[in-house]
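Peer 1: Below you will find the structure I want to go over with you.
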Amino acid sequence: MTMTTILIVEDEKPLVKILKYNMEKEGWRAVSCDDGEKGLDAFKRERPDLVILDLMLPKLDGFEFCRRVRSQSKTPILMLTARKEEVDSILGLELGADDYVTKPFSVRELTARIKAILRRTGAGEASAAGLRAGGIELDAERYETRIKGKSVALSTKEFELLKCLLEAGGRALTREQLLEKVWGYEKGLELDTRTVDQHVKRLREKLGSEANRVLTVKNVGYRLKED
Ligand code: CA
């Protein structure tokens with residue numbers, strides 16, 4: 001079983017320290033970032049089970065962070081707000097935050113809220129299920145792929161390949177990385193990087209109108225165009 005990862009995006013250092021300490025005490029892995037941009041990068045990289053998000057952040061604020069995450073993921077977000085007035089904004093804008101607490105809050109209350117959310121979403125599954133880019137939707141739990149709402153049948157390898165590309169969140173993956181991730185233990189047989197190319201070709205054919213989302217990165221490998 002993988003460890004539950006909590007991403008903390010908050011610029012108040014003393015608060016981050018307290019949060020991290022308490023998350024780790026619960027047996028969760030805590031990753032923190034002190035501005036919204038770094039937070040987004042960490043989100044893509046770490047694929048957290050839950051995000052604790054401060055609203056007022058340097059570079060990219062919590063509202064924008066939430067909007068961007070929600071456009072591609074259902075990962076639960078718990079908002080931290082400094083003022084009661086902000087609560088109206090959170091609710092009014094329908095940002096898709098799962099819950100919020102108003103500062104100052106007790107860590108115990110926060111932890112209880114997190115546990116409730118994780119119970120609801122099923123920790124560890126939340127980030128793996130529901131991946132999306134443009135018209136491509138992938139449900140890792142149900143092993144289902146939809147293109148613009150229509151279900152398409154992919155082979156296991158094509159599915160895994162697409163999943164890796166979606167999980168990389170727009171970053172390029174080398175052919176070697178894909179070979180390792182998708183074929184893994186089978187490596188060393190007659191497989192080489194051309195296997196990846198052949199599968200990408202077939203995957204593109206099945207993606208139909210979304211085929212051009214799978215981009216070839218010259219001399220490197222592939223990446224997915226997110227929007
Ligand atoms: Ca702040």
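The values are calculated or read from the model by the stated rules, or taken from the named source; none is laboratory data. A quick note: this is a predicted structure, and the numbers were derived from the prediction, not measured. Cβ atoms come from the backbone with ideal geometry, glycine included; neighbour counts cover every protein chain shown. All accessible areas refer to the heavy atoms of the entire protein, side chains included, with ligands and DNA or RNA removed. Shrake-Rupley method; radii C 1.70, N 1.55, O 1.52, S 1.80 Å.
Peer 1: Go ahead and run the numbers for FRET between K17 and Q177, Cβ-Cβ distance against an R0 of 41 Å, rounding to 0.05.
Peer 2: Values: r = 35 Å, r/R0 = 0.84.
Given R0 = 41 Å and the Cβ-Cβ separation, E is 0.75.
Peer 1: What is the antiparallel percent of DSSP beta bridges lying wholly in the chain, to the nearest 5? Spell out each step's value before the answer.
Peer 2: Details: 16 of 33 bridges.
Of all bridge pairs located within the chain, approximately 50 percent are antiparallel.
Peer 1: Next up: If you build the Cα gyration tensor of the stretch 5-121 and take the root of 5 times each eigenvalue, what three semi-axes come out, in whole angstrom, biggest first?
Peer 2: Numbers: eigenvalues 65, 52, 43 Å².
Equivalent ellipsoid of the stretch 5-121: 18, 16, 15 Å, largest first.
Peer 1: What angle, in degrees between 0 and 90 and rounded to the nearest 10, separates the Cα long axis of helix 107-121 from the longest principal axis of the Cα atoms of the chain?
Peer 2: The angle comes out at about 30 degrees.
Peer 1: Under a point-charge model restricted to the Cβ atoms of Lys and Arg (+1) and Asp and Glu (-1), what is the dipole moment magnitude of the chain relative to its Cα centre, in debye to the nearest 20? All intermediate terms of the calculation are to be shown ahead of the outcome.
Peer 2: Working: 42 positive and 39 negative charges, 94 e Å.
Result for the chain is approximately 460 debye, rounded to the nearest 20.
Peer 1: Could you tell me the calculated FRET efficiency between K38 and K74, based on Cβ-Cβ distance and R0 = 25 angstrom, to the nearest 0.05?
Peer 2: Details: r = 22 Å, r/R0 = 0.88.
Calculated transfer efficiency: 0.70.
Peer 1: Count the DSSP beta bridges whose two residues both fall in the stretch 129-224, then state the antiparallel fraction as a percent rounded to the nearest 5. All intermediate terms of the calculation are to be shown ahead of the outcome.
Peer 2: Details: 16 of 16 bridges.
Expressed as a percentage, antiparallel bridges in the stretch 129-224 total about 100.
Peer 1: Give me the net charge for the shell around E109: Cβ to Cβ below 13 angstrom, other residues only, Lys and Arg +1, Asp and Glu -1.
Peer 2: Values: positive: K103, R108, R113, K115; negative: D99.
Around E109, the surrounding residues sum to +3.
Peer 1: With θ set to phi - 60° and the Karplus curve 6.51 cos²θ - 1.76 cosθ + 1.60, what are the ³J(HN,Hα) couplings of the stretch 141-147 in order, to the nearest whole Hz, using x for Gly and Pro?
Peer 2: 6, 8, 6, 10, 10, 10, 10
Peer 1: Given 0.36 nm per residue, what is the gain on full extension from T216 to E64 after removing their alpha carbon distance, in nm?
Peer 2: On the way: separation 152, 0.36 × 152 = 54.72 nm, distance 2.95 nm.
That pair, T216 and E64, stretches by 51.8 nm at full extension.
Peer 1: In deg cm²/dmol and to the nearest 500, what is the mean residue ellipticity at 222 nm of the chain if only DSSP H runs of at least 4 residues count, each as -39500 (n - 2.57), divided by the residue total?
Peer 2: -11500 deg cm²/dmol
Peer 1: Determine the sum of side-chain charges near D41: Lys and Arg each +1, Asp and Glu each -1, restricted to other residues whose C-beta is under 13 angstrom from that of D41. All intermediate terms of the calculation are to be shown ahead of the outcome.
Peer 2: Values: positive: K38, K44, R45, R47, K59, R68, R171; negative: D34, D35, E37, E46.
After counting each charged neighbour, the total is +3.
Peer 1: Taking Cα atoms, how many degrees apart are the long axis of helix 13-25 and the longest axis of the chain, rounded to 10 and kept between 0 and 90?
Peer 2: 70 degrees
Peer 1: So how much accessible area does K181 have, in Å² to the nearest 10, using a 1.4 Å probe?
Peer 2: Counting only protein heavy atoms, K181 exposes about 120 Å² to solvent.
Peer 1: Quick query: amide H of L60 versus all other amide H atoms, modeled in the peptide plane; which residues come in under 5 Å with a sequence gap of 5 or more or a different chain?
Peer 2: G36, E37
Peer 1: Work from the charge dipole of the chain (Cβ charges, +1 for Lys and Arg, -1 for Asp and Glu, about the Cα centre) and give the residue of L110, L161, F65 farthest towards its positive end.
Peer 2: Among L110, L161, F65, the one farthest towards the positive end of the dipole of the chain is L161.
Peer 1: Could you work out the relative contact order of the stretch 129-224? I mean the mean sequence separation of Cα pairs under 8 Å and 6+ apart, divided by the number of residues, in percent.
Peer 2: Working: 130 pairs, mean separation 27.0, N = 96.
In percent, rounded to a whole number, it is 28.
Peer 1: Here's another thing I want to ask about it. State, to one decimal in nm², a quarter of the convex hull surface area for the C-alpha atoms of the chain, i.e. the direction-averaged projected area.
Peer 2: Values: hull surface 54.3 nm².
Mean shadow area of the hull around the Cα atoms is 13.6 nm².
Peer 1: Could you compute how much accessible surface R132 exposes when probed at 1.4 Å, giving the result in Å² to the nearest 10?
Peer 2: The accessible area comes out at roughly 110 Å².
Peer 1: Right, another one. Relative contact order of the chain: what whole-number percent is it, with Cα pairs under 8 angstrom and at least 6 residues apart?
Peer 2: Values: 367 pairs, mean separation 32.2, N = 227.
Worked out over the chain, it gives 14 percent.
Peer 1: Name the residues whose placed amide hydrogens come within less than 5 Å of the amide hydrogen of V217, ignoring near sequence neighbours (fewer than 5 apart) on the same chain.
Peer 2: So V217 has HN proximity to Y222, R223.
Peer 1: Something else now. Compute the long axis of helix 36-46 from its Cα atoms, compare it with the longest principal axis of the Cα atoms of the chain, and write down the angle in degrees, 0 to 90, nearest 10.
Peer 2: Around 50 degrees separate the two axes.
Peer 1: Here is a further query. State, to one decimal in nm, how far the label point of K201 lies from the label point of E24, with both points 7 Å from Cα in the Cβ direction.
Peer 2: 5.0 nm
Peer 1: When the label point is put 7 Å from the Cα of K103 along its Cα-to-beta-carbon vector, which residues of the stretch 40-69 have a backbone N closer than 13 Å?
Peer 2: 53-58, 62
Peer 1: With unit charges on the beta carbons (Lys and Arg positive, Asp and Glu negative) and the dipole taken about the Cα centre of the stretch 5-121, which residue among A97, T121, I77 sits farthest to the positive side?
Peer 2: Farthest towards the positive end: T121.
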